[in-house]
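Written out below as structure tokens is the structure these notes cover.
The values are calculated or read from the model by the stated rules, or taken from the named source; none is laboratory data. Bear in mind the structure is a predicted one, so any value in this text is a computation, not a measurement. Reconstructed Cβ throughout: ideal geometry from the backbone, glycine too, with neighbour counts over all protein chains shown.
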Amino acid sequence: MRLRKRIDHADLQPTVAAAIPAESYLTARDRPDTATLVIWVIDPSLNRQREREYSHATGAFLTLVERYALCPPNRTFVMPDGRVTVHVGYRFDPDTDVCSET
């Protein structure tokens, strides 16, 4: 997943800015490979970071199922020394929807 530069709350599209209060906003980055915007906010009920993703094409926030479908396929590769095999996949934290490469 490639992400572009950080976006300030003041520079968000009006529909996104209206849905994300400035006081809970942390940052956002465009994800050009999927034409989406990944947004990080503070969830006051958890006192933790939460991740949301907005589709420029549909003008709506994505569900977790839609976000998972946009993840690159899992892959496996062998390190140059030939002794280590790496398996790469993606998972979403069940409490915060933060996507992690595993």
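Assorted remarks:
- Of all residues in the stretch 16-54, those being among the hydroxyl-bearing types (Ser, Thr, Tyr) and within 21 Å of ARG91 (Cβ to Cβ) number 3.
- Residue within the stretch 55-77 that is modelled with pLDDT of 95 or more, surrounded by 12 or more Cβ atoms within 10 Å (Cβ to Cβ) and polar (S, T, N, Q) present: yes
- Residue in the stretch 71-90 that is in a loop (DSSP other than H, G, I, E, B), among the acidic types (Asp, Glu) and under 23 Å from LYS5 (Cα atoms) present: no
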